[in-house]
Amino acid sequence: MTNPAARAFASLAVHAGQDFDPATGAVIPPIHMSTTFAQDGIGGLRGGYEYGRSGNPTRTALETQLAAIEHGEHALSFSSGLAAEDALLRAVLKPGDEVLLGSDVYGGTYRLIARVLGPWGVTLRVVDMSDLDAVAAALEERPARILWVETPSNPLLKVSDIAGLARLGHAAGALVVVDNTFATPALQQPLALGADVVVHSTTKYLGGHSDVVGGALITKDAELAEAARFLQFAVGAVSSPFDAWLTTRGIKTLGVRMQRHSENGDVVANFLAGHERVAAVYYPGLSTHPGHDLARTQMSGFGGIVSLALADQAAARRFAESTRLFTLAESLGGVESLVNYPDAMTHASVRGTELAVPVEVVRLSVGIEDAADLLADLDAALAAI
């Protein structure tokens, strides 16, 4: 289901899983809305399809596309990013196992492991994944079943060495999972760097238009993929045909969108870095960022997420509530620019923990609007604090 002439990322994003309809010649494959599929005799399945929870041609097309752009062999499309994470964690873990988690990650991931899987017997330790020595020491202290990595991280944009962590994790017998939501496969290829599994909230950049919720797992490990697929089937956290189609449509423009997000992110980060009312800027594209050199080798661009620290909590909240072009909202990765106050919004679930976000930090999801308009909006908001 992938045109053999499609080899590079941009071509795979457009063509993988997207063969024209053989019945009509429609260039865009149809959305298969059926919940059930006719059988040629009992058990005689056409294309392996029997019921919408176990499989759907539109979802298969998206999974083919996801596997191709991440250079994996197996992909699963879920109803949300957390549904994907849950299936992976339960496919791998058993009571008594431990997850070594980065010290700056999405609050929902921490909540899932600590508050949902914790009572089941899964334990959790937190370490700075951008510090290989700290990770090595943590693994030497006691083993972990999973090494969970976000790079760049959410919301402080820490950059972790995927290849280095893969070596450490594999030597310690751990599965290395990389959340590639911020970078996307347009900018970063974790499986090629040694990771075992890539996870995505496809709600963000892959969908790209703030109109569909979804998640994904991609791996080269057939046994792991089958275990996660069984859980997906048994529990039912599948993406609908229309959601799968919307995500596929978004992925087709991912390459050009990420280029524009990165260009605008760089302009915004440099503007904020030179502003007298901004205490700090977190963006791996800045030469002053501690992970800049690593990001240059590991990524082909720096993305559209920029976080900043202001003087204090009050200033951060006033700034977040003062923008006009940047909409105050949850989520990220859409074509429109968003502003988010993590402490009270996306990361409220980690208040009081090791992962708590500094109260003076604001996260920007820089969209694809005109850069001059974005800077004017930020300048006016900073003048209001």
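The structure shown yields Rg and Dmax of the Cα atoms in Å, and of the options [x] 20.9, 73; [y] 22.9, 80; [z] 22.2, 74 that calculated value carries the label [x].
Taken as Cα centroids, the range 257-302 and the range 357-379 sit 12 Å apart, rounded to the nearest whole angstrom.
In summary, the convex hull built on the alpha carbon positions of the range 1-102 has an orientation-averaged projected area of 9.7 nm².
Under the combined filter of DSSP loop state and at most 16 neighbouring Cβ atoms within 10 Å, the range 299-336 retains these trypsin sites (Lys or Arg not before Pro): ARG324. Taking a straight Cα-Cα cut-off under 25 Å and skipping sequence neighbours fewer than 8 places away in the same chain, the lysines within cross-link reach of LYS158 are LYS204. FRET efficiency for the HIS170 to THR24 pair, using the beta carbon distance and R₀ = 56 Å, is estimated at 0.70. Ligands, DNA and RNA left out, the accessible area of the chain computed with a 1.4 Å probe is 54% carbon and sulfur.
With Rh defined as the Kirkwood radius, the inverse of the mean 1/r over Cα pairs, the Rg/Rh of the range 193-242 is 1.02. A 1.4 Å probe run over the protein chains yields, for the chain, 41 Å² of accessible area per residue, whole-number rounding.
The values are calculated or read from the model by the stated rules, or taken from the named source; none is laboratory data. Please read all numbers here as calculations on a predicted model, not as lab measurements. All Cβ positions, even for glycine, are placed from backbone atoms using ideal geometry, and neighbour counts span all protein chains on display. Each accessible area value is taken on the protein alone, full model and side chains, heavy atoms only, with ligands, DNA and RNA left out. Shrake-Rupley method; radii C 1.70, N 1.55, O 1.52, S 1.80 Å.
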